[in-house]
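Here the structure comes first, spelled out in structure tokens, and everything after it is commentary.
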Amino acid sequence: MVETGVTNNFVPGLEGIVAAQTRLSSVDGQAGELIIAGFPVEELAGQATFEETVYLLWHDSLPTAPQLAEFRAALAARREVPATTMDLLRAAASQKVAVIDALRMAAGTLTLAEPDELESQALALTAAFPTMVAAYWRLLNGQEPLAPRPDLGHAANYLAMLFGQTPSAEQARGLETYLNTVVDHGMNASTFTARVIISTQSDLVSAAVGALGALKGPLHGGAPGPALDMVFEIGDAANAETYLRQKLAQGERLMGFGHRVYKVRDPRAEVLSAAAARMFQGNGHQALYQLSRQVEQTAVALLAEYKPGRNLQTNVEFYTALLLHGLGLTPDLFTPTFAIGRVAGWLAHCFEQQQLNRLIRPQSVYVGSKDRRWIPLEQRV
Ligand code: COA
């Protein structure tokens, strides 16, 4: 096939290329600003329930009280997953499949259950993510899955399904703030993947499964685990400077610092740090929070010294790890929990893409040879 209009202005990683117009979120890396459907993240994340945020993204307005009640009930009613999904999770647990991979496999089975109605499918996907993660995590740890709790909100139900206890209001608020903070973030790799898939007129389940595959990679879903490991290794604020200097002198990267887009402090770090501070007030993690703040301050100062002009600041991963750890989540749950928040953003992008759809089909520049001649197998050396 002849490609028309091919030019040579290839941009590796599509950096700086505009691939969509969106009303869902705006990321300004120079100003350190994240807007979610019109709200600065600092305004939205700590106040909205996750259900309100999802409604806002899908409908472009905050719900009224009756709309919210209906939306919450519709999500809660879809928390049970099909028996086939549970069978798959049991089989995966027997093979010790990683939690994020089990989530991807299980999400793929949801196509068996839902009728062909878009918002209903989106509700089913969003509602099923916490159930699948919690059920799988328990199976992996030799425990039976727990039934969803329709009386609880989305975030609180996830914690209850993991640990078998009703979380405190502070814990539920902490998780809700996290889910709101990560629900959407411009044209990131998994969101782009979801839009590419839906642009072929494929279905929402396929888009979410593909997006999960993109999210899993360490360059995207990130590795909040290592940021926390670093704080644990430092152990005491008095060790921070020596430890961090040694890492930097060896040319190592400090986990939880630096960002491709943000050149000032990631606004999500600010929101999550405040959420962690509130959640840890008066409980056993207070000392860990204080240590993290001190590690952060020392790290930012040393990064300025070792990498002048790079503006390396705290990123979202640093406080994600602390917050999720404080909720009792193990590191293997960090990326799946990110997906529990982000799936609602993927689906919002799918709706947006569908409204003015044009097949996403970029071009490539051929850099191979053009004059090869066929050599029969027996003559090849
Ligand atoms: N610690 C130490 N040095 C760092 C650093 C970090 N966390 N992040 C970037 N740098 C340095 C690089 O070594 C490079 O230095 P050099 O020019 O002397 O070689 C310079 O800063 C620019 O790095 P670059 O890789 O071009 O920046 P990027 O925009 O591609 O990187 C990240 C973005 C997030 C990949 C990078 O900052 C990083 O690896 N951070 C640590 C991992 C992490 O926290 N990931 C979660 C991201 S949300």
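The values are calculated or read from the model by the stated rules, or taken from the named source; none is laboratory data. Given the structure is predicted, the values throughout are model-derived calculations rather than measurements. Neighbour counts run over all protein chains shown; Cβ positions are idealised from the backbone, glycine included.
Within region 32-60, which residues are touching a Ser or Thr at 6+ places or on another chain (Cβ under 6 Å) and more than 21 Å from Q171 (Cβ to Cβ)? I35, I36 - these are the residues of region 32-60 that are touching a Ser or Thr at 6+ places or on another chain (Cβ under 6 Å) and more than 21 Å from Q171 (Cβ to Cβ). For A227, the criteria (1) in contact with a strand residue (DSSP E or B) (Cβ under 6 Å, 6 or more places away or on another chain); (2) crowded, with 20+ Cβ neighbours inside 10 Å hold in every case but one, which is (1).
Within region 248-264, restricting attention to residues that are within 13 Å of the ligand (Cβ to nearest atom), surrounded by fewer than 18 Cβ atoms within 10 Å (Cβ to Cβ) and not polar (S, T, N, Q), the residue that is nearest to V27 (Cα to Cα) is V261. Against the test of being surrounded by 19 or more Cβ atoms within 10 Å (Cβ to Cβ) and out of contact with any helix residue (DSSP H, G or I) (no Cβ under 7 Å at 6 or more places or on another chain), the options L24, L56, L75 yield a single qualifying residue, L56. Tally the residues that are touching a Ser or Thr at 6+ places or on another chain (Cβ under 7 Å) and closer than 30 Å to L118 by Cα, restricting the search to region 214-239. Qualifying residue count for the region: 5. Looking at region 302-310, is at least one residue in contact (Cβ under 8 Å) with a residue 24 or more places away in the chain and more than 13 Å from the ligand (Cβ to nearest atom)? No, region 302-310 has no match at all. With respect to the conditions (1) small (G, A, S); (2) within 16 Å of the ligand (Cβ to nearest atom); (3) surrounded by 21 or more Cβ atoms within 10 Å (Cβ to Cβ); (4) within 22 Å of the chain's Cα centre (by Cα), A240 falls short on a single one, namely (4).
Taking region 192-229 as the range and being touching a Lys or Arg at 6+ places or on another chain (Cβ under 8 Å) and within 16 Å of the ligand (Cβ to nearest atom) as the test, the residues that pass are L215, K216.
Kindly establish whether T181 is surrounded by 24 or more Cβ atoms within 10 Å (Cβ to Cβ), at pLDDT 95 or above and not assigned by TED's automatic domain parsing to the domain that holds T320. So T181 fits the description; yes.
Being more than 9 Å from the ligand (Cβ to nearest atom) and of a type in the set (D, E, K, R) is the requirement here; does E296 meet it? First the steps, then the outcome.
Details: more than 9 Å from the ligand (Cβ to nearest atom): yes; of a type in the set (D, E, K, R): yes.
Criteria met by E296.
Within the option set G32, G13, being in the same structural domain as A107 (by TED's automatic domain parsing) and at pLDDT below 95 holds for one residue only, G32. Using beta carbons and a limit of 9 Å, which pairs, at least six apart or on different chains, have the first residue in region 246-267 and touching a residue at least 24 places away in the same chain (Cβ under 8 Å) and not assigned by TED's automatic domain parsing to the domain that holds L34 and the second one more than 7 Å from the ligand (Cβ to nearest atom) and basic (K, R)? The qualifying pairs are L254/K247; Y262/R268.
Of all residues in region 265-289, those being buried (at least 21 other Cβ atoms within 10 Å of the Cβ), within 16 Å of the ligand (Cβ to nearest atom) and of a type outside the set (K, R) number 5.
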